[in-house]
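Some notes on the structure that comes next.
The values are calculated or read from the model by the stated rules, or taken from the named source; none is laboratory data. Here the structure is a predicted model, which means the values were calculated and not measured. Every residue, glycine as well, gets a Cβ built from its backbone with ideal geometry; the counts of neighbours run over all protein chains shown. To get the accessible areas, we keep the full protein, side chains included, count just its heavy atoms, and leave off ligands, DNA and RNA. Shrake-Rupley method; radii C 1.70, N 1.55, O 1.52, S 1.80 Å.
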Amino acid sequence: GNHRDLHRLIRRQRQMCIRDRSSIVTGLNQMDNNFDAAMLYPVDFPLVKTDTIKSLIRRYFQHPAGIISPAYNGRMGHPVLISVGYFDEIKNAPPDQGARIVIHGYEGKSDLKIVEVDDKGVRSDIDTPEDYQNAKSYNDE
């Protein structure tokens, strides 16, 4: 039925974006030289709190780092704020790995700063109708 078709479409779109990084690369290519950084915010993470976004931006301006990632319970999540100096690396990353390989390549190095947040939305990936149903109770917890 409709749910199965929607799930198939979501999976196909996600694989297309991952395979060719088109969304990220297109966005980065559209930015002019007036930008110092970009926030990579996947649409399948809609539950991220506004305070988390503000924390990442505040962290960037207080202590600039190349890459700033939120973490929930010690596990990195989304969105990720990335300085302009890393854009070419992301654009040239292997198509099947995209920004992920660039970001994780800096784990343990000073380029990557982790901001621990009280926001499980940074780890809540919604890709299926089941994910959506589970997420509907998110704000009740």
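Could you estimate the translational diffusion coefficient of the stretch 29-141 from the Stokes-Einstein equation, with Rh from the Kirkwood formula over C-alpha pairs, at 4 °C and 1.567 mPa s, in whole µm²/s? Using the Kirkwood radius from Cα pairs, D works out to 87 µm²/s.
Put simply, when 61-68, 97-104 are sorted by average Cβ atoms within 10 angstrom per residue, most first, you get 97-104, 61-68. Distance from the Cα centroid of the stretch 67-121 to that of the stretch 45-63 is 13 Å (rounded to whole angstrom). Pairs of lysines in the stretch 36-141 whose Cα atoms sit within less than 24 Å of one another amount to 10, provided the residues are eight or more positions apart or on different chains. If you sort 111, 96, 118 by accessible surface, 1.4 Å probe, largest first, the order is 118, 96, 111. A cut-off under 15 angstrom between Cβ atoms defines the neighbours of residue 117, and their net charge, with Lys, Arg +1 and Asp, Glu -1, is +4. If you look at the Cα atoms of the stretch 86-126, you get an Rg and a Dmax of 12.4, 33 Å. For the stretch 70-76, the Karplus equation 6.51 cos²θ - 1.76 cosθ + 1.60, evaluated at θ = phi - 60°, returns couplings of x, 9, 10, 6, x, 10, 4 Hz by residue, with Gly and Pro reported as x.
In this view, the solvent-accessible surface of residue 116, computed with a 1.4 Å probe and all protein chains in place, comes to about 110 Å². A simple rule links phi to the HN-Hα coupling: the Karplus curve 6.51 cos²θ - 1.76 cosθ + 1.60 with θ = phi - 60°, which for the stretch 107-120 gives 4, x, 10, 5, 5, 10, 10, 9, 10, 6, 10, 8, 8, 5 Hz, with x for Gly and Pro. Structural size metrics of the stretch 52-110, computed from C-alpha coordinates, are Rg and Dmax of 11.6, 34 Å. Normalised radius of gyration (Cα atoms, divided by 2.2 N^0.38 Å) for the stretch 36-80: 1.10.
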